[in-house]
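To keep things clear, I will list the structure first and then write my remarks on it.
The values are calculated or read from the model by the stated rules, or taken from the named source; none is laboratory data. Fair warning: this is a prediction, and the values are worked out from it, not measured in the lab. Positions of Cβ are backbone-derived with ideal geometry, glycine not excepted, and every protein chain shown enters the neighbour counts. Only protein heavy atoms, including side chains, enter the accessible area calculation; ligands, DNA and RNA are left aside. Shrake-Rupley method; radii C 1.70, N 1.55, O 1.52, S 1.80 Å.
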Amino acid sequence: MKKMTRQKRVAAIHDISGFGKCSLTVALPILSSAGIETSALPTAVLSTHTGGISGFTYRDLTEDIRPFTRHWHSLGLHFDAVYSGFLGSFEQLELVSEFFDTFKTKDNLIFVDPVMADNGEMYKIFTPEFAKGMANLCRKADIIVPNITEAAFLLGKTFQEGPYTKNYIEKMLMDLTTLGVEKVVLTGVFFDDKELGAATYDKNTGAIDYILASRIPGYYHGTGDVFGSALLAGLLNGFNLKEATRIAVRFTTESISRTYRAKTDIRFGVDFERSIPEFLKDLKLV
Ligand code: PXL
């Protein structure tokens, strides 16, 4: 058991997709289970996510973002981290940037997952122009967690299919820090067809680390959000970048592996819920 410390608080800025396990329906339970108070700023309400499911509803909440920001500011709230994910428009990027300006402090963490693309393609609601706006938002972050496709779009480069070389990944990590961020965690890294995982770079220490795990076949929806939420939970529980990434890779891989064995529809998200007990052990919370 860890000794009692002040409870950490996160502002999570994502959409809420009712079904399909991603964004807020993933961030809230994962961060809460790790003992972190999580305030939610929903950017849109959808019946499901947009990844391979048609007919979803989409209620945009752009108009509510500034009033949320002002109200929370008027309450004098402090956040140990601000975690942004899926944002639906340029206007939302602008408003979230304002949120960062309002709540940034000397020692809190602005954590941006530049959700917009995977497998070499932008998600269908985004244009390549959107990547420029997202790159601007990343400039305000302390840590960003793109997958390789998102990293290519952020850098204005053509997506390259894997397997990758260490040179390629390390150049990408360095290039991403030219956006002004201190820490980068790149996901979807692989050097052969057996393993897949993440590469981390901390500009302050110069350390680059690879955390790979056995590859499980299939592309499972929402795993970026599972990974990002677990990584943030690790960082806020005092683990360094490499250790927190290791915990997040393990949590995500276990969740995918259980879902693979259950043969669930890959669009319906992963069974991360039943990985929580092991996750809490890894975090040394139980
Ligand atoms: O997991 C990323 C995500 C979040 N929210 C919505 C999405 C996606 C990815 O497709 O569609 C609505």
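Annotations
- Surface share of carbon and sulfur [accessible, 1.4 angstrom probe, percent] for the range 10-279: 53 percent
- The chain: antiparallel DSSP beta bridges as a percent of all, rounded to 5: 45 percent
- For Gly120, residues with placed amide H under 5 Å, excluding near neighbours: Thr149
- Net length available on complete extension from Arg70 to Gln7 is 20.4 nm, with 0.36 nm assigned per residue and the Cα-Cα distance removed.
- Taking all protein chains as they are arranged and a probe of 1.4 Å, the heavy atoms of Thr178 leave approximately 100 Å² accessible to solvent.
- Take Tyr260: with every protein chain present and a 1.4 Å probe, its accessible area is about 110 Å².
- Per-pair calculated FRET efficiency, R0 = 25 Å: Ser89 and Thr158 via Cβ, rounded to 0.05: 0.50
- Helical runs (DSSP H, four residues minimum) scored at -39500 (n - 2.57) apiece and divided by the length of the chain put the mean residue ellipticity at 222 nm at -12000 deg cm²/dmol.
- Taking amide H as placed 1.01 Å from N in the peptide plane, Thr43 has its amide H under 5 Å from the amide H of His14, Asp15, Ile16, each at least 5 places away in sequence or on another chain.
- For the range 138-286: rounded, prolate or oblate by the Cα gyration tensor [a/c cutoff 1.5]: oblate
- For His73, solvent-accessible area (1.4 Å; no DNA, RNA or ligand), Å²: 110 Å²
- Among Thr165, Thr149, the sequence by solvent-accessible area, most first, with a 1.4 Å probe is Thr165, Thr149.
- Proximal lysines to Lys8, defined as alpha-carbon separation beneath 20 angstrom and excluding residues fewer than eight positions away on the same chain: Lys104, Lys106, Lys281, Lys284
- Per DSSP, loop GluC sites (Glu not before Pro) in the range 120-164 with at most 10 further Cβ within 10 Å: Glu161
- For trypsin sites (Lys or Arg not before Pro), the sites in the range 1-56 that DSSP calls loop and that have at most 10 other Cβ atoms within 10 Å are Lys3, Arg6.
- Tensor-based shape of the range 1-96 (alpha-carbon gyration tensor, a/c under 1.5 rounded, otherwise prolate or oblate): oblate
- Accessible surface comparison of Glu91, Glu63, probe 1.4 Å, protein chains only, largest first: the order is Glu63, Glu91.
- Accessible area per residue for the range 10-279, computed on protein heavy atoms with a 1.4 Å probe, is 43 Å².
- The rule of thumb for compact globular proteins, 2.2 N^0.38 Å, goes into the C-alpha radius of gyration of the range 10-279 0.93 times.
- Membrane-span-like helices in the chain (whole DSSP H runs, Cα extent of at least 30 Å along the helix axis, mean Kyte-Doolittle hydropathy of at least -0.5): 241-262.
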